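Asker: One structure coming up, written as structure tokens, with questions to follow.
Each value in this text was obtained by applying a stated rule to the coordinates, not by laboratory testing. Everything numeric here is computed off the predicted structure, so don't read it as measured data. When we count neighbours, we look across all protein chains shown, and the Cβ atoms used for this are built from the backbone with ideal geometry, even at glycine.
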Amino acid sequence: METAKIEEVIGDFINLKRRGVNLIGLCPFHGEKTPSFTVSPTKNIYKCFGCGKGGNAAQFIMEHEQYTFPEALRYLAQKYGIELAEQEISQEARESFQLQDSLFIINQFAAHFFENQLINTEKGKHIGLSYFQERGFREHTIKKFNLGFAPEQYDALTKVAQQNGYNIDLLRKLGLTTNNDRDFFRDRVMFTIHNLSGKPIAFAGRTLQKDKKVPKYINSPETEIYVKNKVLYGIHLAKQAIRKADECILVEGYTDVISLHQAGIENVVASSGTSLTIGQIQLIKRYTPNIKILYDGDSAGINAALRGLDLILEQDMNVKVVLLPPSEDPDSYVQKVGSTGFENYIDQQAKDFIFFKTNLLIAASANDPIKKTLLIQDIVGSIAKISDPIKRSLYVRECADLMNVKEILLIEEVNKLLQRQFKKEGIERQKPEEIDRPIANLRVVKTEDEPQTEGEVTGQDTFQEQDIVRILMTLGHHVFDVSENMSVAEFVLGNLETVLDSFEHPLYRTIVTSAYEHLVAHQFLSTSFYLEHANPEIRKLAIHFATPPYEYSQGWEKRDVYLQTQEMPEQNFTADSVQALKRFTLKKLIRRCEENHRKIQHASNEPEQLMTLLKVQQKLLEVRNNLAKELKTVVFS
């Protein structure tokens, strides 16, 4: 686990940019326009301040790729060239795997089956391979995209799969087998659809028959590993090229992606047989804010481009549109003019969305004032989708010039639409709750998935208990006393061992008790103990404390300006630990005083007991007041 560098692992899936000592990017687990996903190379963890998800490299792979822990470890081992001793998977072990792992395994088997049918059977070569070769696909490209062929036999795949021990119910679930135990894909060329890491998650089959009653394409159903509106065809091969080019080319069809890749244009994906969705746009946004829509020049292509424009603008992305010459698609055109000619064409013909939409709609409206009014409203509606006010104002100005109308009129129309939208969002959204952090008295927004740390438990000592837990989780591994070789955790827990059961917050009590038992067993108590704990609430809390939403200004660091009255927070663990213990003790003393005072009030008829309680109260108040004076804290009696 220590070999895996968090920034390298996550960098394979999302675009990260340096911010101080950390890296930041758009969270892959929820839709967002402003980056709140933080990666800490020094701590080797990640945390999203938008949705609250966080963890280490293995947990990211598990969450992102829907892997089990062993699958995540195998992924990381393969990435870093580490050998893992594994036994051959038996039928019993395969059936005991979690559902998602089983679905991946079966899809991988099906992909190999279709590939074998394409390459090694007479009909596969005669029909399927010939089709791909006629499209100009070379052998390397066919293997790269895992293209295949489904034979005409009604149960070819199902029969072989069952002979190899694969579960018939899972074959049906994946849509490979029908309820009548027949193959769903028959007599079709096959396109394998992959997830980000290159695992097969679904299939698309294209018929080569001329019969119009037979659907041209059929696709796998949605499953636990395949959600159509969040998948882009070819993304596993395109993601690095998209990041490098800082632009994603979006096309319509599978063969368009394949042809462009073969021509060396690799920053290209397709919407996988569906109209463009928000989930697909957000997937692209992980790697670049720039999209170039490249659709056919016919009416269907134009309408498809128009449908996607507003969705892209809503996600605060930059979009341009390219329409190919009539009767051409990306596949045919790149083969006609070559990769250089193709790239030159799309660079020259790419139009900003407002010019694209205006030119199209002006031609449709001619000189009709009513149609022109509708045209302006349509364009203004698109402009209102843009969240950046500067970008929005520039587009308003361009639209005013193009349409020869006063800019102020367009501004008023845009503002009306924005007000409606804000009003709608004000009803549907709840204002995030703000809470005080235990450190530095900063205020931050609390996320939905953040662990219960404040306010949820009504005990009076929650804040002080939380601070003790923070010290243990983030600073416990530091050396508190060099002469005695004592760690911060040993110092804190050694002073608390007689009062561990007095923690009111159940999660905090579990943490300190677990940590104490760990130390008693002579085991080193590091941050990873909490980050990799079996209890998910403890893992979540460890991430919460390990990734504060603030950092020291780079400007101050460059000027060599640091704190004057104390050490920097990460180096101030000795004083921090002592202060936390004292404040925890003071809080408990205050509680003891209150409890003893209540006993005094009820002991008025018992002189001996009253005298004893008064002496105890005098001593408690003395210790309390001395400690409060030391901490420079005012205590109200």
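Asker: Figure the gain on full extension for Asn359 and Lys619 (residue separation times 0.36 nm, minus the Cα-Cα span) and round it to one decimal in nm.
Answerer: Fully extending the segment from Asn359 to Lys619 adds 84.9 nm.
Asker: Report ³J(HN,Hα) in whole Hz for each residue of segment 275-286, in order, from the Karplus equation J = 6.51 cos²θ - 1.76 cosθ + 1.60 where θ = phi - 60°; Gly and Pro get x.
Answerer: 5, 4, 10, 4, x, 5, 5, 5, 5, 5, 5, 4
Asker: Residue by residue, what Karplus-based ³J(HN,Hα) values in Hz, rounded to whole numbers, does segment 596-610 have, using 6.51, -1.76 and 1.60 with θ = phi - 60° and x for Gly and Pro?
Answerer: 5, 5, 5, 5, 4, 5, 8, 10, 5, 8, 10, x, 5, 5, 4
Asker: While we're looking at this one, here's another question. What distance in nm lies between label points placed 7 Å from Cα along the C-beta direction at Val499 and Gln78?
Answerer: So the two model labels end up 5.3 nm from each other.
Asker: With a cut-off of 8 Å between alpha carbons and a minimum separation of six or more residues, what is the relative contact order of segment 161-205 in percent?
Answerer: 23
Asker: I've got another one for you. Would you please give the FRET efficiency between Ile302 and Gln335, computed as 1/(1 + (r/R0)^6) with r the Cβ-Cβ distance and R0 = 25 Å, to the nearest 0.05?
Answerer: That pair, Ile302 with Gln335, gives E of 0.65.
Asker: Next question, about the same structure. Sort segment 20-65 into rounded, prolate or oblate with this rule: let a ≥ b ≥ c be the square roots of the eigenvalues of the Cα gyration tensor; rounded if a/c is under 1.5, and if a/c is not under 1.5, prolate when a/b is larger than b/c, oblate otherwise.
Answerer: Because a/c hits 1.5 or more and a/b fails to exceed b/c, segment 20-65 counts as oblate.
Asker: Pulled fully out, how much extra length does the chain show between Asp12 and Gln108, if you take 0.36 nm times their separation in residues and subtract their Cα-Cα distance?
Answerer: The Asp12-Gln108 span can extend by a further 32.4 nm.
Asker: Would you kindly state how much longer the chain becomes between Ile278 and Thr3 on full extension, computed as 0.36 nm times their sequence separation minus their alpha carbon distance, in nm to one decimal?
Answerer: 95.5 nm
Asker: Still on this structure: Please compute the modelled spin-label separation between Asp316 and Ile600, points set 7 Å along Cα→Cβ, answer in nm with one decimal.
Answerer: The two pseudo-label positions are separated by 5.8 nm.
Asker: Quick one: what are the phi-derived ³J(HN,Hα) couplings along segment 122-132, Karplus 6.51/-1.76/1.60 with θ = phi - 60°, whole Hz, x for glycine and proline?
Answerer: Those phi angles translate into 4, 5, x, 5, 5, 9, x, 5, 4, 4, 5 Hz.
Asker: Indicate the gyration tensor shape class of segment 205-273 (rounded, prolate or oblate), computed on the Cα atoms with a ≥ b ≥ c the square roots of the eigenvalues: a/c under 1.5 is rounded; otherwise a/b larger than b/c is prolate and the rest oblate.
Answerer: oblate
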